[in-house]
Amino acid sequence: MYEPKPEDKFTFGLWTVGNRGADPFGAAVREKMPPTKIVEMLGRVGAYGVNFHDNDLVPIDATASERDAIVAEFRQACGDNGVKVPMATVNLFYEPVFRDGAFTASDSRVREYALQKTMRAMDLGAEFDAEIFVLWGGREGVETDACRTVPDAIKRFRECLDFLCEYNISQNYGYKFALEAKPNEPRADIYFPTTASYLAFIETLQHREMVGVNPEVAHEQMPGLNMMHAVAQAWEAGKLYHIDLNDQYPGRYDQDLRFGSVSPRQMFWLVKFLEDVGYAGMRHFDAHAYRSEDYAGVEEFARGCMRTYLILKEKARRWNGHAEIQSIMSDIAATNHSSVGEFSAEKATAILNKNIDRHELASKGLNYERLDQLTMDIVYGVEGQ
C-alpha cells in the first residue's frame, strides 16, 4: 500500500538527494554524487521523475562538447532507470553576478544575462521533454530599499516574464511557467513573498494563461502561513502548475525537512486536498536529508518522503469514509441552503427585508471540536479505539 508507483508521480531534484549537507556553519559531509548516480538511486526507490537546475546537470563553464556529452550520458541514465524529467528550472541565485537580483537587478546587463541563462535552461529542459519550468527568484529582493523602487522591480520582472513567454511560443516548447514564492532568505526581503502575491502579479502578464505557481511547504510555513490554503487558492484560480513538498518549523530558516516529519496534521490536510480535487501534476519533494546521513541515509530519506505521502493519502481515504465524520459533514452541509448568487436589486431588497435571528444562529454549537478530534484519531492511527 505504501510503495510508490509511477501513477503517484513522485519526483525529486538533483539538488535534493544530491545535497551534500553543507550549511553556513559547516562544510559538506557527503561526496558529490554524479547526476547519473542520482538517477540510479531514484530509480531504485521508485521515483517517477528527476528535476534539475541548468547547472545541477551541466557546469556553468562547460564547453559545448562537454555539455553534449553530459546530456547524452544523463539521457541514457534516465532511460535505463525508467526515470522521466517532468520539470526543469534555472539557477539565478548562486553566481556572484546575481548578488543584486536577476530579473529585477538594477544593471540592465545583469537582466539580459539572466534572460540568456534562462533561455538556455529552457532549451536544455526541452531536450528532455520537460513540461513545467519553475522560476524561483531567490535574489529578487533587497537588503535596503534605497537601491530601487518596488514598482521598478515589479515592472522589470514583468518585462522578463513576458519576454520568456514569447520565447516559449517562438520555440514551440509548450512550457507552463510556475513561479515559486518565498518571504526571505537568502535576501532580507524578497519581492514576491507569498503564493498569493504571485497570483496577483500573474494577472498583469501578457500571457497569463501560460504562468502559474509552484507553492512550497517550507516557504509558506516559514512565516507561519497555511500551505494548504495557498495551494487551494492556486487551485481555485486554475494556477496550481507544480508543487514542492517538504516540511518546516514556522519562524525558522528554510529547513527543507523530510515531508511530513514536522507537521503531520497540516500535511494531512494538504494531501487530502490534492487527492480530493484530483490534482494531476507532479508531487515534487524539494527536501534534504539530515546532515548526519551518508548516501544510504539519503536513500532512506527519499523513501520516507514518498511513504509518508502515501500514508497520509490512505488516511484521507479513511477520513472520507468515516461514518461519524460524514454524519457531521452532512449536518454542516444541511445549513448551506443556497448561495448568494449574482446581484440584482430584487435580491438585495429581499435580503434587506429578511428576518434573520442572529441570536438563534449563534446559539448552536458547530461540533468542530469533535470533528477535529476524529481527524486526529485518524492521523494518529487510533480511530475506533
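The values are calculated or read from the model by the stated rules, or taken from the named source; none is laboratory data. The structure displayed is predicted, hence computed values, not measured ones. Note that we place each Cβ from the backbone using ideal geometry, even for glycine, and neighbour counts take in every protein chain shown.
Picking from residues in region 170-186 that are touching a residue at least 12 places away in the same chain (Cβ under 8 Å) and out of contact with any helix residue (DSSP H, G or I) (no Cβ under 8 Å at 6 or more places or on another chain), the one that is surrounded by the most Cβ atoms within 10 Å (Cβ to Cβ) is Ala178.
Taking the condition of being of a type in the set (Val, Ile, Thr) and on the phi > 0 side of the Ramachandran plot, how many residues in region 74-124 meet it? Total satisfying the criteria: 0. Restricted to region 209-238, and to residues there that are among the aliphatic types (A, V, I, L, M) and either at pLDDT below 95 or in a loop (DSSP other than H, G, I, E, B) (or both), the residue that is farthest from Asn184 (Cα to Cα) is Ala237. One residue stands out among those in region 341-372 that are within 40 Å of the chain's Cα centre (by Cα) and surrounded by 10 or more Cβ atoms within 10 Å (Cβ to Cβ): the one that is nearest to Gly321 (Cα to Cα), which is Leu371. Applying a threshold of 6 Å to beta carbon distances and a minimum spacing of six or more residues, or different chains, the list of pairs starting in region 190-213 at a residue that is in contact (Cβ under 8 Å) with a residue 12 or more places away in the chain and ending at one that is surrounded by 15 or more Cβ atoms within 10 Å (Cβ to Cβ) and among the hydroxyl-bearing types (Ser, Thr, Tyr) reads Phe192/Tyr198; Gly212/Tyr241; Val213/Thr195; Val213/Tyr198.
Yes or no, residue by residue, for (1) part of a loop (DSSP other than H, G, I, E, B); (2) at pLDDT below 95; (3) of a type in the set (Phe, Trp, Tyr):
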site: Asp145; (1), (2), (3): yes, no, no
site: Pro151; (1), (2), (3): no, no, no
site: Phe163; (1), (2), (3): no, no, yes
site: Asn168; (1), (2), (3): no, no, no
site: Phe177; (1), (2), (3): no, no, yes
site: Lys182; (1), (2), (3): yes, no, no
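When the helices (runs of 4 or more DSSP H) confined to region 1-95 are screened for residues that are touching a residue at least 60 places away in the same chain (Cβ under 8 Å) and of a type outside the set (Val, Ile, Thr), those reaching at least 3 such residues are found at 35-45. Looking at the structure I just gave you, is Thr149 surrounded by fewer than 16 Cβ atoms within 10 Å (Cβ to Cβ), out of contact with any Leu (no Cβ under 8 Å at 6 or more places or on another chain) and among the polar types (S, T, N, Q)? Judged against the criteria, Thr149 is a match. Answer yes or no as to whether Arg156 is farther than 21 Å from Met87 by Cα and not in a helix (DSSP H, G or I). Judged against the criteria, Arg156 is not a match. Across region 369-385, the number of residues qualifying as free of Cβ contacts under 8 Å to residues at least 12 places away in the same chain, in a helix (DSSP H, G or I) and closer than 19 Å to Lys315 by Cβ comes to 4. Considering (1) over 21 Å from the mean Cα position of the chain (by Cα); (2) touching a residue at least 40 places away in the same chain (Cβ under 8 Å); (3) under 18 Å from Ala102 (Cβ atoms), the lone condition that Met122 does not fulfil carries the number (1).
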